[in-house]
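**Student:** Here you go, one structure.
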Amino acid sequence: MADAPPLGLLGEFGTPETLVAAARGAREAGAKGLDAFTPFPVDEVADALGFHEKRIPRLGLIGGIVGLVAAYAMQIAVNLNYSLDIGGRPLIPLQAFALIGFELTVLFSVSFMIFGLFATSGLPRYHHPLFYVDRFERATRDGFFLFIPTNEQEALKEVRALLERLGATTIDEVPR
């Protein structure tokens, strides 16, 4: 049985600027599924990778709306089923429901975002194949890495040539 092709190639770059330029170059060359790893936040990397995630904020908005509707529906249902006419107060005092409405809006919004984050990022993930690359431990100290996934053995040569052209100092295969 032949060995499985690697998951992709991991290129190391010397500075954050070269990593950003490499990410832009790889994206312009048509590479998909890029990921970058740096020891500190580099704001330009997200733009260079074309990362513009809008699902999590949308989930927060949907969760907030669901929470607000649920809070008001619950309180209105309780007041209609167990109506107490005390002192001439209205049967459905919407202003009195605002506090519970706010609380459930925040609770549902945050819950939707947290569970959405776990679902979209594949968490919990206890181990990633990148950890098999010895050099990758430098990503937490002084290394700047660009990962380009590939599914085919033939595409490996093209991706390797692309990383060399973009200025990678080292290139490692990431095993499956």
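**Student:** Whose amide H sits under 5 Å from the amide H of Thr150, counting only residues 5 or more places off or on another chain, with H placed in the peptide plane?
**Tutor:** Result for Thr150 returns Gly8, Leu9.
**Student:** Hey, can you rank 92-105, 114-127 by average C-beta count inside 10 Å, highest first? Present the calculation step by step, with values, prior to reporting the outcome.
**Tutor:** Details: 92-105: 13.9, 114-127: 10.5.
Result, highest mean Cβ count within 10 Å first: 92-105, 114-127.
**Student:** Here's a follow-up. What does the charge add up to near Asp47, with Lys and Arg as +1, Asp and Glu as -1, over the other residues with Cβ less than 11 Å from its Cβ?
**Tutor:** Working: positive: Arg24, Arg27; negative: Asp43, Glu44.
Net of charged neighbours comes to 0.
**Student:** Right, another one. How large is the dipole of the chain about the Cα centre if only Lys and Arg carry +1 and Asp and Glu carry -1, each at its Cβ, rounded to the nearest 20 debye?
**Tutor:** Details: 15 positive and 20 negative charges, 112 e Å.
It comes to approximately 540 debye.
**Student:** Any idea of the accessible area per residue across the chain, 1.4 Å probe, to the nearest Å²? Provide the component values of the computation, followed by the final result.
**Tutor:** Working: 11500 Å² over 176 residues.
Accessible area per residue, the chain: 65 Å².
**Student:** Next question. Which whole-Hz ³J(HN,Hα) couplings does the range 11-17 yield from phi under the Karplus relation 6.51 cos²θ - 1.76 cosθ + 1.60, θ = phi - 60°, glycine and proline marked x?
**Tutor:** x, 9, 10, x, 9, x, 5
**Student:** Compute the distance in nm between two label points, each set 7 Å from the Cα along the Cα-to-Cβ direction, one at Arg138 and one at Asn79.
**Tutor:** With each label placed 7 Å out from Cα toward Cβ, I get 6.5 nm.
**Student:** Let me ask something else about it. Per residue, what volume in Å³ does the Cα convex hull of the range 57-176 take up? Don't jump to the answer; show the numbers that get you there.
**Tutor:** Numbers: hull volume 21.5 nm³, N = 120.
In the range 57-176, the Cα convex hull volume per residue is 179 Å³.
**Student:** Ignoring ligands, DNA and RNA, please state the percent of accessible area on the chain from carbon and sulfur, probe 1.4 Å.
**Tutor:** Whole-percent figure for carbon plus sulfur exposure: 61.
**Student:** Now for a different question. For the range 1-130, what does the convex hull of the Cα positions come to per residue, in cubic angstrom? Display every interim value, and only then the final one.
**Tutor:** On the way: hull volume 25.1 nm³, N = 130.
About 193 Å³ per residue, rounded to a whole number.
**Student:** Another question, if that's okay. Order 132-141, 147-156 from most to least packed using the mean count of other Cβ atoms within 10 Å.
**Tutor:** Values: 132-141: 13.6, 147-156: 16.0.
Ranking, from highest mean packing down: 147-156, 132-141.
**Student:** Calculate, for Ala46 and Leu99, the FRET efficiency according to 1/(1 + (r/R0)^6) with r their C-beta to C-beta distance and R0 35 Å; round to the nearest 0.05. Display every interim value, and only then the final one.
**Tutor:** Working: r = 38 Å, r/R0 = 1.08.
After rounding, the FRET efficiency stands at 0.40.
**Student:** In a solvent-free Debye calculation with one equal scatterer on each Cα, what is log10 I(q)/I(0) for the range 41-84 at q = 0.23, 0.32 Å⁻¹, listed in the order of the q values?
**Tutor:** Values, matching the q order: -0.80, -0.99.
The values are calculated or read from the model by the stated rules, or taken from the named source; none is laboratory data. Keep in mind it's a predicted model, so treat the numbers as computed, not measured. Note that each Cβ is placed from the backbone with ideal geometry, even for glycine, and that neighbours are counted across all protein chains shown. Accessible surface areas use protein heavy atoms only, side chains included; no ligands, DNA or RNA. Shrake-Rupley method; radii C 1.70, N 1.55, O 1.52, S 1.80 Å.
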